[in-house]
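Step one of this worksheet: look at the structure below.
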Amino acid sequence: MTFANLPSFLGSALAERGYVAPTPVQAAVLEPEAEGRDLLVSAQTGSGKTVAFGLAMAGQLLDGEGRVPYGILPRALVIAPTRELALQVSRELAWLYGKAGGRIATCVGGMNPSVERRALQQGATIVVGTPGRLRDHLERGALDLSGLAAVVIDEADEMLDMGFREELEELLDAAPAERRTLLFSATIPRAIEAMARRYQRDALRISTIGETRGHGDIDYQAVTVSPSEIENAVVNLLRYHEAETAMLFCATRDNVRHLHATLQERGFAVVALSGEHSQQERNQALQALRDRRARVCVATDVAARGIDLPTLSLVIHVEIPRDAEVLQHRSGRTGRAGKKGTAVLVVPFPRRRRVEGMLRQAQISAEWIDPPGRDTIRARDQERLLTRLLEPVECDETDRELAERLLAERSAQDIAAMLVRAHRASMPEPEELIENSPEVRRAAQQERHRPGFEDTVWFRMNVGRRQNADPRWILPLLCRRGHVTRGEIGAIRIMPGETQFQVPRAIAARFADAVARTAAASDDEGAIIIEAAEGTPRDAARVNRQQAGRQQAGRQANAANPPAPPSGHQAQPHRPKPHRKGPVNGGDGRPSKPWKKRAKGPSQG
Ligand code: AMP
């Protein structure tokens, strides 16, 4: 299908941009059955939806000659959830309607309202803006909606999520009843359906989401890591992919700040976006990403909404998303307009089940892999380096003279080696990740026979095999919570409902003190209780068995506390875990009761 039969000015604007064929959502709104009707469209960002609603309202904006007649009152209103999205929509409509004589006024929070008022007074065909600012102009009399022929609500689900219902309703109520209402939304939850029922008449339902996702422009990967290795894994993922632009998602503004500082310290060109940044800081960060002074952006879900960076080819979910919908919103920052993107979920071992469920719900199949290690990254670096250095060089006379002088002083090999070193030095070092091999696990198991562990104290933690306890994440967690090294942890026994481990008596008090202090500091792992155990794991198992017998709870109690395993560090038998409806941050692999405190829901920044 081509863009045939469009009004000539719109057709030539599209041709000038090099857009030869409509995207599925554009094709759908151009079908004869959609003409003049209200539309309820589920389409994601990147699907070409802006041009789609631009084309859909042509009938309300153009005269018989395909031109926009001059008028003081706006004919169309587009409401978008964020400043960036509104500005982007405004830019798109400006080129689409520019040749036809359309004038666009943009009204967004954080910009100078008097400039906007002037633009409105001078007469705008299309007004694009964010709900709060548009309502301000409406209430102050600067925006007259009585001449509207079409209203577009863009990313309606996000707008309701962000709490803009009242503003939207006020704007819609101020528009003439006979206008067209075009509702665009990535998802159509019940609240959107209700809004459609109230504000639309006989709307045509259009859904192209399946088709865009079916094109497979986003590859999903899930990498499993120890909870204490998340940042190192992120460093390595960034270094492995070397994306032109990468977006990293955290759940809270504090975590954005921390990850931003960590990456900056390691030499990445990184910016941050969260609720704590002013509009000016936001603009500067986005500008740095656009002109490539920065290549990595750490953001909260809310702060990243509506951002469209054509070079963004990698999304990393540093903290797992709240639900399947957020997963798709975040991932949708990449793979836009037919380009390929990669979305990587960083999954702490205990949360794997939860993520698997989320992927199932979103009907996404992800490849489960280990994070890239140093050697893999270095091998890739070498390939990239060779490709880059073997590209044809364009030098001027001065460059060549300098090259001659260098060659007179040094051998070609030395110069090439220096060049390689200079290139390498510009890249942050990959991190050494804890390996997950049988050898590593065996070595850890043998540690308890080593000197220094003649006199030990047993400690216990309230996660066991049922919660996916595994030395791969338990050991680093103990080091971080207890301020000890791996060498200071002795035998580890993983039981069904808890894990016990040895610490040399000489440092036991210091360890206990540190785990108590760090419990409050760590949101995620702080919920794991670590405390001194009475007796050995075998004693604990014996007590459990006795209790089980006394309670005659039979199978149930036995399942919760079977005899202690003969030794620690065992492979984890796969057992289904009880279903738990937990708080948004709660991983699947966590016990439902023994937490000291509940993980908080992500406070969006
Ligand atoms: P959107 O979904 O509106 O955010 O659009 C994503 C990107 O696709 C924007 O940069 C559009 O300019 C671009 N685009 C829109 N329509 C087409 C088309 N028919 N062919 C190629 N690119 C398009």
Worksheet entry | Residues that are more than 16 Å from the ligand (Cβ to nearest atom), within 23 Å of Ala86 (Cα to Cα) and modelled with pLDDT under 95, drawn from the range 19-39 | none
Response to the item:
Counted residues in the range 328-368 being outside any helix (DSSP H, G or I) and more than 16 Å from the ligand (Cβ to nearest atom) come to 14
Worksheet item: Looking at (1) closer than 17 Å to Val302 by Cα; (2) touching a residue at least 40 places away in the same chain (Cβ under 8 Å), can you tell me which one Glu242 breaks?
Response: (1)
Worksheet, complete the sentence: For the range 7-43, the count of residues that are touching a residue at least 60 places away in the same chain (Cβ under 8 Å) and under 19 Å from Gln60 (Cβ atoms) equals 16
Practice prompt. Inspect the range 378-396 for any residue being in a loop (DSSP other than H, G, I, E, B), under 25 Å from the mean Cα position of the chain (by Cα) and charged (D, E, K, R) and give the result as yes or no.
Written response: no
Discussion item. With the structure loaded, tell me whether Arg37 is open to solvent by 30 Å² or more (accessible area, probe 1.4 Å), in contact with a helix residue (DSSP H, G or I) (Cβ under 9 Å, 6 or more places away or on another chain) and charged (D, E, K, R) or whether it fails that test.
Written reply: no
Worksheet item: Hey, Glu281 hits all of (1) of a type in the set (D, E, K, R); (2) free of Cβ contacts under 8 Å to residues at least 12 places away in the same chain; (3) not in a helix (DSSP H, G or I) but one; which does it fall short on?
Response: (3)
Worksheet item: How many residues does the range 6-18 contain that are open to solvent by 70 Å² or more (accessible area, probe 1.4 Å) and within 15 Å of the ligand (Cβ to nearest atom)?
Response: 2
Discussion item. Can you tell me which of (1) modelled with pLDDT of 90 or more; (2) in contact with a helix residue (DSSP H, G or I) (Cβ under 6 Å, 6 or more places away or on another chain); (3) closer than 24 Å to Gly48 by Cβ is the one Asp154 doesn't meet?
Written reply: (2)
Item to complete: For the range 199-207, indicate whether the set of residues that are outside the structural domain of Lys339 (by TED's automatic domain parsing) and without any contact (Cβ under 8 Å) to a residue 24 or more places away in the chain is non-empty.
Response: no
Worksheet item: If you check Leu168, Leu172, Leu248, Leu182, which single one turns out to be among the aliphatic types (A, V, I, L, M), touching a residue at least 12 places away in the same chain (Cβ under 8 Å), in a strand (DSSP E or B) and not assigned by TED's automatic domain parsing to the domain that holds Gly335?
Response: Leu182
Discussion item. If I ask for residues that are open to solvent by less than 70 Å² (accessible area, probe 1.4 Å) and closer than 15 Å to Val235 by Cβ, which ones from the range 377-402 would you list?
Written reply: Ile377, Asp381
Worksheet item: Which condition number in (1) at pLDDT below 95; (2) within 12 Å of the ligand (Cβ to nearest atom); (3) open to solvent by less than 10 Å² (accessible area, probe 1.4 Å) is the one that Leu96 fails?
Response: (1)
Discussion item. Can you find a residue that is more than 14 Å from the chain's Cα centre (by Cα) and not assigned by TED's automatic domain parsing to the domain that holds Ser90 anywhere in the range 311-334?
Written reply: yes
Worksheet entry | Conditions (1) among the charged types (D, E, K, R); (2) over 17 Å from Gln264 (Cβ atoms); (3) open to solvent by 10 Å² or more (accessible area, probe 1.4 Å): number failed by Arg333 | (3)
Worksheet item: Being surrounded by 17 or more Cβ atoms within 10 Å (Cβ to Cβ) and closer than 19 Å to Asp173 by Cβ, is that true of even one residue in the range 102-114?
Response: yes
Worksheet entry | the range 231-264, residues that are more than 25 Å from Ser426 (Cβ to Cβ) and open to solvent by 10 Å² or more (accessible area, probe 1.4 Å) | Thr252, Arg253, Asp254, Asn255, Arg257
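One line per residue, one yes/no per condition, for (1) among the β-branched types (Val, Ile, Thr); (2) open to solvent by less than 10 Å² (accessible area, probe 1.4 Å):
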| residue | (1), (2) |
| --- | --- |
| Ile72 | yes, no |
| Ala76 | no, yes |
| Thr82 | yes, no |
| Gln88 | no, no |
Worksheet, complete the sentence: Of the listed residues (Gly59, Gly66), the one being among the small types (Gly, Ala, Ser) and either in the same structural domain as Gln328 (by TED's automatic domain parsing) or surrounded by fewer than 16 Cβ atoms within 10 Å (Cβ to Cβ) (or both) is Gly59
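The values are calculated or read from the model by the stated rules, or taken from the named source; none is laboratory data. Note that the coordinates shown come from a computational prediction; the quantities given were computed from them, not determined experimentally. Here Cβ is always computed from backbone atoms with ideal geometry, including for glycine, and neighbour counts include all displayed protein chains. Accessible surface is based on the protein model in full, side chains and every heavy atom, while ligands, DNA and RNA are left aside. Shrake-Rupley method; radii C 1.70, N 1.55, O 1.52, S 1.80 Å.
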